[in-house]
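Visitor: Sending over a structure as structure tokens; questions will come in a sec.
The values are calculated or read from the model by the stated rules, or taken from the named source; none is laboratory data. Remember, predicted model here, so these are calculated numbers, not experimental data. Don't worry about glycine lacking a Cβ; one is built from the backbone with ideal geometry, like all the others, and counts go over all protein chains shown. When the accessible area is computed, the model is the full protein with side chains, heavy atoms only, and any ligands, DNA or RNA have been set aside. Shrake-Rupley method; radii C 1.70, N 1.55, O 1.52, S 1.80 Å.
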Amino acid sequence: SKSDVLHLYRNLLRNSKKFCNYNFREYFLRRTKEDFKCHKNESDPSKVQQLLEKARQDLVVISRQATLSQMYAADR
Amino acid sequence: MRLLLRRPQLARPLTFSVPVNARFPHQSFTVRAFSSGGFLPKQEVQERVLSVVKNFEGVDVSKVSETAHFMNDLGLDSLDTVEIVMAFEDEFAIEIPDAEAEKIQTVEQAISYVASHPQAK
């Protein structure tokens, strides 16, 4: 549903923001925004489900890698 | 053992009092503790919220007002609304929970939420 999608979107942005490295952080923020906006008028339910599933998997990866990036941040 | 437990001799006692008239004789001042919960003044919140909205990508500055609705008046979509609420989080160094974030749909609601948030900076 709509609020689930927005919830997922917010979570993706939140976790993308956690990256220490500027390049990773900006890349994931940009990709998240682009991907969601690209498909905002998607009407085919099965396609929507497929995209949401992909986004959920990405969220897992992003949140894990963001946490890892904080653990091994180099002192500079 | 007794020797170890004894308090070391200090050059001056641990507490001491200052004569009343010696303390800040002329000025009155306000003390603000860190725990006092500093709500930001509404005027300042309003200005900063408006500047965040005006600087948001794709917003027509001339349409921004205190009563503007993000989607109806400013032509943003629901994804932009999520982003703009996150921009408020960055601006005021707070975290807005999802349930609250969903309710913020107008500039006015954003101002009242931030103004009533004790940790907003």
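Visitor: With a 1.4 Å probe and all protein chains kept in place, how much accessible area does B:Y113 have, in Å² rounded to the nearest 10?
Guide: Counting only protein heavy atoms, B:Y113 exposes about 40 Å² to solvent.
Visitor: Continuing with the same structure: Taking only Cα atoms, what is the 0 to 90° angle, nearest 10, from helix A:2-17's long axis to the longest principal axis of chain A?
Guide: Helix A:2-17 sits at roughly 20 degrees to that axis.
Visitor: Work out the mean other chain Cβ neighbour count within 10 Å for the residues of A:32-38 and drop it here as an integer.
Guide: Average neighbour count from other chains, rounded to a whole number: 2.
Visitor: With every protein chain in place, what's the accessible area of A:Y22 (1.4 Å probe, Å², nearest 10)?
Guide: Solvent-accessible area, nearest 10 Å²: 140 Å².
Visitor: Taking 0.36 nm per residue of separation and subtracting the Cα-Cα distance, what length does fully extending A:D44 through A:L68 add?
Guide: Net length gain for the segment: 5.0 nm.
Visitor: If you don't mind, there's one more thing I want to ask. Would you mind checking A:K40/B:K63; A:K17/B:K42; A:K2/A:K47; A:K37/B:K63 for any pair whose Cα atoms are more than 26 angstrom apart?
Guide: From A:K40/B:K63; A:K17/B:K42; A:K2/A:K47; A:K37/B:K63, over 26 Å: A:K17/B:K42.
Visitor: So how do B:T106, B:T67 rank on accessible area, 1.4 Å probe, biggest first, that is with the largest at the start?
Guide: So, going from the largest accessible area down, we get B:T67, B:T106.
Visitor: Quick check: with the 1.4 Å probe, what order do A:S16, B:S62 take by accessible area, largest first?
Guide: B:S62, A:S16
Visitor: For segment B:30-120, which trypsin sites (Lys or Arg not before Pro) are both in a DSSP coil and crowded by at most 13 other Cβ atoms within 10 Å?
Guide: Of the trypsin sites (Lys or Arg not before Pro), the ones in loops of segment B:30-120 whose Cβ has at most 13 other Cβ atoms within 10 Å are B:R32.
Visitor: For B:D90 and A:N21, FRET efficiency with R0 = 25 Å and r from the beta-carbon atoms, rounded to 0.05?
Guide: The computed FRET efficiency comes out at 0.85.
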